[in-house]
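Input: a single structure, listed below in structure tokens.
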Amino acid sequence: VANLLLLSNVALDGLGGLADGLLLVRELLGQYWDGVYPLLDADDDNDPTFRINALTGLVAEPLLQLVWAIPLVRSRAFGPVNLRAALNAAGLQRFASETLSPEQIAGAFA
């Protein structure tokens with residue numbers, strides 16, 4: 001449920017929604033970890049793998065797509081510049097739809 005709320009927060013409020021959503025996840029885990037399903041099993045050395053797997057939504061494609069699309073800056077020349085464009089220009093990820101050069105990205109932030 002918290003993961004869906006996080007996705008909604010990011011879609012509606014960008015970076016602020018991401019921060020608020022991650023804070024909520026952190027608070028919920030801190031407060032309710034002992035009672036989260038499935039309960040830890042002493043016969044299994046209290047292995048939290050199943051619980052941790054529930055957190056994989058934090059790095060799943062739907063959330064990453066939303067985060068990559070968050071506008072970081074609005075350029076008069078190029079319009080909104082998002083994380084996807086910056087990652088592409090820096091060569092850290094490849095997105096065929098992104099065409100801004102590193103110089104253009106730097107100029108947008110100047």
Exercise. Looking at the range 54-63, is at least one residue of a type outside the set (S, T, N, Q), modelled with pLDDT under 90, more than 25 Å from L18 (Cβ to Cβ) and out of contact with any Gly (no Cβ under 7 Å at 6 or more places or on another chain)?
Worked result: no
Seminar exercise, completed: Going through the range 76-110 in order, the residues found to be in a helix (DSSP H, G or I) and β-branched (V, I, T) are I105
Exercise. Taking the stated definitions as given, is R51 in contact with a Pro (Cβ under 8 Å, 6 or more places away or on another chain) and part of a strand (DSSP E or B)?
Worked result: no
For this session: Run L64 past the list (1) in the same structural domain as D34 (by TED's automatic domain parsing); (2) assigned to a strand (DSSP E or B) and report the number of the one that doesn't hold.
Result: (2)
For this session: Test P48 against the criterion of being outside the structural domain of A108 (by TED's automatic domain parsing) and at pLDDT 95 or above, and give yes or no.
Result: no
Problem set entry | Exclusive hit being touching a Phe, Trp or Tyr at 6+ places or on another chain (Cβ under 7 Å) and of a type in the set (A, V, I, L, M), set V73, V81 | V73
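The values are calculated or read from the model by the stated rules, or taken from the named source; none is laboratory data. Remember, predicted model here, so these are calculated numbers, not experimental data. In this analysis, Cβ positions are derived from the backbone assuming ideal geometry, glycine residues included, and neighbour counts consider all displayed protein chains.
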